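Presented below is the structure to which this report refers.
The values are calculated or read from the model by the stated rules, or taken from the named source; none is laboratory data. Only a predicted model underlies this, so the values are computations on that prediction, with no experimental measurement involved. Neighbour counts are summed over all protein chains in view; Cβ atoms, including those assigned to glycine, are modelled from backbone coordinates with ideal geometry. For accessibility, only protein heavy atoms count, side chains too; no ligands or nucleic acids. Shrake-Rupley method; radii C 1.70, N 1.55, O 1.52, S 1.80 Å.
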Amino acid sequence: MKITHAIKRKIFQFIAFGYSNVHLMNFKDGKIYEGKWKQFCNPGLNCYSCPAASFACPIGALQAVSGSMNFRFSFYVTGLLLAFGVLLGRAICGWLCPFGLIQELIHKIPSPKLKLKRGFVYIKYFVLIVFVIILPVTATNYMGMGKPAFCQFICPAGTLEGGIPLLGTHAELLQTIGGLFFLKMAILLITIAGCIFIYRFFCRILCPLGAIYGLLNKISIYHLKVDPHKCINCGKCRQVCRMEVDPVKSPDDAECIRCGECQSACPKGAICLGFKKF
């Protein structure tokens, strides 16, 4: 049996999900792993407060540093994100992101599948600028500490992976449920419903990490290349792309997650995914 490109990617996704969440026994008591590996950031979106999580979330870490009492630019987290992005771009979304895998599994639920209007993909850049960069620095309390606005008000991954498991194991937390929890639950339910009908709904519309990696897609070392001498403009690559990208016209499109479906569909072998040669 030949292992297809799609199967290879799925294997990588499950491995990435596994190493990102190795502390499964923590779900029993609702404990959060706080060992030395939590000093490092996961390249993909995976909640710090998930009992099984092995690493910190890069978006959460970025907000935590910028929202501290003594604001300081996080060279470590920013440098790490830039390094991941320059090396792999949005291939991280397609191959290594735990919440990306969850979205793809949800999308397998039988239903009519819908396309996304292009304008909606720019919402995630607004979320990145306002909720990840501006609010943690400007919306501070009396002690000068900012709120991790994206994690607190939006992130459905945090609600699913951290909030719900912790509420299920800590009865005392049930007394703290208020309007904010119901807002987060509403966003989670909208995200789940959206993912059923639209491929990677959250990834494409709301994810600030996807926005960062998308901006770096054009310069990433791991890239998609189309050979114009082999391409016959049959359109098959565009037809199979679930991120609704035309690889021939925009091989470095910010929405391309380097899944390789277009490469597999090309009848002439004109599309290649790999690292740039210098």
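General observations
- The residue 264 and residue 82 beta-carbon pair, evaluated with R₀ = 35 Å, returns a calculated FRET efficiency of approximately 0.70.
- Kirkwood Rh (inverse of mean 1/r, distinct Cα pairs), the chain, angstrom: 19.8
- Highest-MSF residue in the chain out of 39, 103, 63 [GNM, Cα springs under 10 Å]: 39
- For the residue pairs 108/277; 10/115; 218/249, alpha carbon separations beyond 25 Å are given by 108/277.
- Springs join every pair of Cα atoms under 10 Å in this Gaussian network model of the chain, and among 179, 168, 79 the largest mean-square fluctuation is at 179.
- Leading residue at positive end of dipole, the chain (Cβ point charges), from 160, 203, 27: 203
- Calculated FRET value between residue 219 and residue 8, using beta carbons and R₀ = 30 Å, to 0.05: 0.75
- Carbon/sulfur fraction of accessible area - the stretch 189-278, other protein chains in place, 1.4 Å, %: 61
- Among 231-239, 82-90, sorting by the average number of other beta carbon atoms lying within 10 angstrom of each residue, highest first, gives 82-90, 231-239.
- Protein heavy-atom accessible surface, 1.4 Å probe, per residue over the chain: 52 Å².
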